[in-house]
Amino acid sequence: MANIDRETLRALADEGNETALDRLADLADAAGDLMELSELLDEGSMRAGFLLTRRAVSAGDLRELQRISDAGYDEASSELDRLLKAPGGAYRG
């Protein structure tokens with residue numbers, strides 16, 4: 001699968017292939033392309049939600065966690081609640 005191009009993955013994802021959508025999310029994450037990850041989340045990619053949540057938790061970005069949660073990735077809500085309840089808080093902006 002290493003030689004499959006993004007166009008092919010996009011075409012498969014557009015046809016409803018969730019594995020292709022996950023692969024696009026992994027490629028966007030590896031490239032640090034947060035805009036593409038956000039777009040993939042908006043398309044329903046739970047993998048993109050996971051990857052964005054992981055980044056937001058690492059950065060202590062509560063607003064981003066709320067945005068990810070609002071986009072439909074429920075684990076972001078759990079992480080947001082956890083950070084809000086943590087002693088001393090983790091808020092950094």
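Where the second residue is modelled with pLDDT of 85 or more and the first is more than 13 Å from Ala56 (Cα to Cα) and lies in segment 79-93, which pairs have Cβ atoms under 8 Å and are six or more apart or on separate chains?
Leu84/Leu62; Gly89/Leu83
Can you pull out the residues in segment 40-64 that are assigned to a helix (DSSP H, G or I) and closer than 12 Å to Ala28 by Cβ?
Once the filter is applied, which keeps residues that are assigned to a helix (DSSP H, G or I) and closer than 12 Å to Ala28 by Cβ, segment 40-64 yields Leu40, Leu41, Arg47, Ala48, Leu51, Leu52, Arg55.
Could you tell me whether Leu65 is hydrophobic (A, V, I, L, M, F, W, C) and closer than 30 Å to Asp5 by Cβ?
no
Could you grab me the full set of residues in segment 8-39 that are closer than 18 Å to Leu52 by Cβ, open to solvent by 30 Å² or more (accessible area, probe 1.4 Å) and either assigned to a helix (DSSP H, G or I) or in contact with a Phe, Trp or Tyr (Cβ under 8 Å, 6 or more places away or on another chain) (or both)? Before the answer, list the steps.
Initial filter on segment 8-39 (closer than 18 Å to Leu52 by Cβ): 13, 18, 21-39.
Subset that is open to solvent by 30 Å² or more (accessible area, probe 1.4 Å): 18, 22-23, 26-27, 30-36, 39.
Passing the criteria: Glu18, Asp22, Arg23, Asp26, Leu27, Ala30, Ala31, Leu34, Met35, Glu36, Glu39.
Within segment 44-91, track down each residue that is on the phi > 0 side of the Ramachandran plot and out of contact with any helix residue (DSSP H, G or I) (no Cβ under 9 Å at 6 or more places or on another chain). Full working, then the answer.
Keep residues of segment 44-91 that are on the phi > 0 side of the Ramachandran plot, which gives 44, 60, 72, 88-89.
Result: Gly88, single match.
The values are calculated or read from the model by the stated rules, or taken from the named source; none is laboratory data. What you see is a predicted model, and the numbers here were worked out from it, not measured in a lab. All Cβ positions, glycine included, derive from the backbone under ideal geometry; neighbour counts span all protein chains shown. SASA here: full protein model, heavy atoms, side chains in, ligands and nucleic acids out. Shrake-Rupley method; radii C 1.70, N 1.55, O 1.52, S 1.80 Å.
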